[in-house]
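Nothing in this text is a laboratory measurement; each read-out follows from the coordinates by a stated rule. Keep in mind the model is a prediction, meaning the values are calculated, not measured. Quick reminder, even Gly has a Cβ in these numbers, built from the backbone with ideal geometry, and neighbours come from all protein chains shown.
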């Protein structure tokens, strides 16, 4: 939408604050539960190997280092396919493409129950990464179709609640499924993959029926409301274009120093989050003689803290200065929590992990405001995918390195200390981040 077309709308048909708030609430009610549910299931399916770790190592003879590599390989192929996936979604529409993503990852996640050893474990994790690639950056792009700058951090925060919910329920659910060991001749970890993989296929039908491609195709918005929303978002994009700091192509995105600063911060963040996801159950398992269900229940505690932070804090990221302060403080809190976890006994360690987790998705919701404020069009689609692609390489490096450190030293302590140091460095880098209309020289 050009400035020429959008400007008359500003002067002749302004949306009232009340009408805009009502429309925003309606969009939240209609879209976010479905998107959150999809993300809940995706995280169950990509991280359930954390609970299955010890059982797979015993039943299939997979070492800690091989487990870490297999856990990380998902992110390698996921990252490689993100930019193509997001560009395809921009052309074919969110409804079709997200449905395709869910069908393939549901089938492959269920198929994880039939891995036979290291090779098939690696192959299935890589295929799962290819299948699921594009979901997160695709939703980040999709949210720009519906929400302006002020609402987007809150929308992203609600979406990321899916990760918290998944990790809260995955512990008790996974622990209970592992105790089905021997039923109908299957191991408990096989039941874990089968029962957690099949719901994806059921939800796919709901996504196909209920998810609109954009405001104009939403049956629960009138044509006038949909046009009002699109014009309002067009005005916002026009203002960003006038700032001269908006990139419209992947080439412009790659040349933007701010995008690379955001990538570095996100890379460190992802190393932390996926190391905790994949190794927390194993760390808790060293606290004493615990059953799989007890380990699962304790594993869910930090994710309750993560859900609390995600539900309450992103809404305060309402301007660039607040975003930057919250981002830096959040990264420092994450580092402090890991230091506590690495140097304390079981109770304080769990408190430390909870402190770290409380900032996981507050930080992540804010990070994606930076590329979305500086990019537009194909540049926005490919740029969001690029940030997630490079960041998720941390999801490959973190578990792989942590597995090697654990195998070499018999402990995860050194790995946690290294990650804490990286988070402090990321906090320092975050002070240089600027959104689209901010001057680069402007200080906090």
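Structure data summary
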read-out	value
Rg(Cα) / (2.2 N^0.38 Å) computed for region 294-335, rounded to two decimals	1.45
Degrees separating the helix 413-430 axis from the principal Cα axis of the chain, which is the longest one	10
Added length on full extension, which subtracts the Cα-Cα distance from 0.36 nm per residue, residue 329 to residue 213	38.1 nm
The chain: angle of helix 94-111 to the longest principal axis, Cα-based, in degrees nearest 10	0
Chain lengthening between residue 206 and residue 186 when straightened (0.36 nm per residue, less Cα-Cα)	4.2 nm
Residue 227-residue 92 FRET efficiency (beta carbon distance; Förster radius 25 Å; 0.05 resolution)	0.60
Potential extension, residue 254-residue 409 segment - 0.36 nm per residue separation minus Cα distance	51.9 nm
Nearest 10 degrees, 0 to 90: helix 49-60 Cα axis against the chain principal axis	30
CD proxy at 222 nm, helix term only [per DSSP H run n ≥ 4: -39500 (n - 2.57); per residue of the chain; nearest 500]	-27500 deg cm²/dmol
Cα gyration tensor, region 248-371 - rounded (a/c under 1.5), prolate or oblate	prolate
Listed values [x] 33, 32, 19; [y] 51, 33, 22; [z] 37, 25, 19, entry calculated as semi-axes √(5λ) of the Cα gyration tensor in Å	[z]
Percentage, to the nearest whole number, of Cα pairs in region 124-281 over 24 Å apart	54
FRET efficiency for residue 321 and residue 25, using Cβ-Cβ distance with R0 set to 35 Å, rounded to 0.05	0.85
Column: log10 I(q)/I(0), Debye, Cα scatterers of region 91-144, q = 0.17, 0.22, 0.25 Å⁻¹	-0.57, -0.78, -0.91
